[in-house]
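Working notes for the structure below.
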Amino acid sequence: MSDPLCLLTVHAHPDDEASKGAPTVARYGAAGVRTVLVCCTGGEEGDLHNPALQAVGGPFHGLDEVATKALLAAVRADELARSASAIGFDEVVMLGYRDSGMKDSPANDHPACFHRADLDEAVGRLVAVIRRTRPQVVLTYSDDQVGYPHPDHLKVHEITIPAFERAGDPSWYPEAGPAWQPSKLYYNVWSRARLVAVHEALQRLRGLSPFDERWFERPSQDHRITTRLEIGSFLPARSAALRAHATQVDPTEPFWFGLDDRELAEAYPYEDWILARSLVGLPPEGSVEDDLFAGVVAAELLRSSGT
């Protein structure tokens with residue numbers, strides 16, 4: 001093969017890479033696949049979610065709201081670096097936009113925010129990264145984000161779809177480098193099966209679960225799942241990455257840490273994905289893939305041989 005296998009994942013903010021797909025990336029990195037993280041914003045609008053950091057002696061103790069925001073913006077890049085290291089990313093690329101804040105917040109109107117970015121310009125930035133890093137597989141957010149319609153998460157989806165398609169077309173963004181066409185595009189998904197398994201394990205082992213009825217009222221996406229990866233032994237990468245984001249993740253929060261890695265692996269040792277685009281064939285009808293690179297190696301051998 002003329003090019004090594006590469007996996008590229010696109011996220012909105014520092015910490016998203018820890019909560020969505022970290023064990024999957026760790027699994028492929030351990031297998032020798034080059035892994036690249038694209039983070040579209042700096043997370044400037046994040047809130048402080050770890051009350052321990054406001055305690056006496058903590059870095060945020062005594063700070064007013066303005067000072068807290070300023071310090072948050074300053075430390076989130078370091079948190080991202082430590083998280084990426086825990087997961088095993090080979091490269092982190094900041095796409096260069098400002099955090100847009102939650103839906104309908106004043107931050108949505110900031111001229112530098114991702115939400116307001118020109119679509120073609122933002123797609124061009126991502127195309128340049130794809131062409132330089134040459135991934136066969138790209139991971140992004142789903143087309144169905146009803147449960148969490150954050151403007152930046154919506155924008156990630158909006159730019160990744162055309163970037164996947166335009167990266168291989170030399171007529172688009174000729175200044176962005178030689179064309180490169182990824183083979184497969186996946187959406188991440190938190191499956192209903194996982195939710196039920198974790199909820200039941202928490203009730204059994206802890207007597208209480210943070211997942212109330214509102215979680216189960218969300219429409220299930222399980223019928224769309226095409227790919228299920230065994231990642232039980234890579235769950236420590238997720239936990240370490242989440243803890244690296246000390247400002248964003250409370251280490252006592254049962255939503256994230258109600259089960260330890262061993263218990264979570266016993267409850268649901270998988271990550272689920274939706275295959276959105278494939279240029280190397282589809283899994284047989286009714287079957288579920290167990291490898292994001294299924295079909296890719298054969299296609300790459302054909303591409304490198306020029307046939």
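Numbers at a glance
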| read-out | value |
| --- | --- |
| Ordering of 281-287, 253-259 by packing [mean C-beta count within 10 Å, highest first] | 253-259, 281-287 |
| Antiparallel %, DSSP beta bridges [both residues in the chain], to 5 | 35 percent |
| Within straight-line cross-link reach of Lys103, lysines at Cα separation under 20 Å, skipping those fewer than 8 residues along the same chain | Lys69, Lys155 |
| Equivalent ellipsoid dimensions for the chain as semi-axes, Å, which come from the Cα gyration tensor, largest first | 31, 25, 18 |
| Pair Gln54, Ser233: separation of 7 Å Cα→Cβ label points (nm) | 4.3 nm |
| Of Tyr268, Tyr97, Tyr141, the one that fluctuates the most in a GNM where the chain has Cα springs shorter than 10 Å | Tyr268 |
| Choice from Val137, Val156, Val146 showing the highest fluctuation, given a GNM over the chain with Cα pairs closer than 10 Å | Val146 |
| Listed residues His199, His245, His11, most fluctuating in the chain (Gaussian network, C-alpha, under 10 Å) | His199 |
| Peptides ranked, highest mean first, by Cβ atoms within 10 Å: ranges 157-164, 188-195, 13-20, 215-222 | 13-20, 157-164, 188-195, 215-222 |
| Selection from Phe234, His150, Ala244 lying farthest towards where the dipole of the chain points positive, charges on Cβ | Phe234 |
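All of the numbers you see were taken from the coordinates with simple rules; none came from a lab. Here the structure is a predicted model, which is why all the values come from computation and not from measurement. FYI the Cβ positions are ideal-geometry reconstructions off the backbone, even for glycines, and counts take in every protein chain you see.
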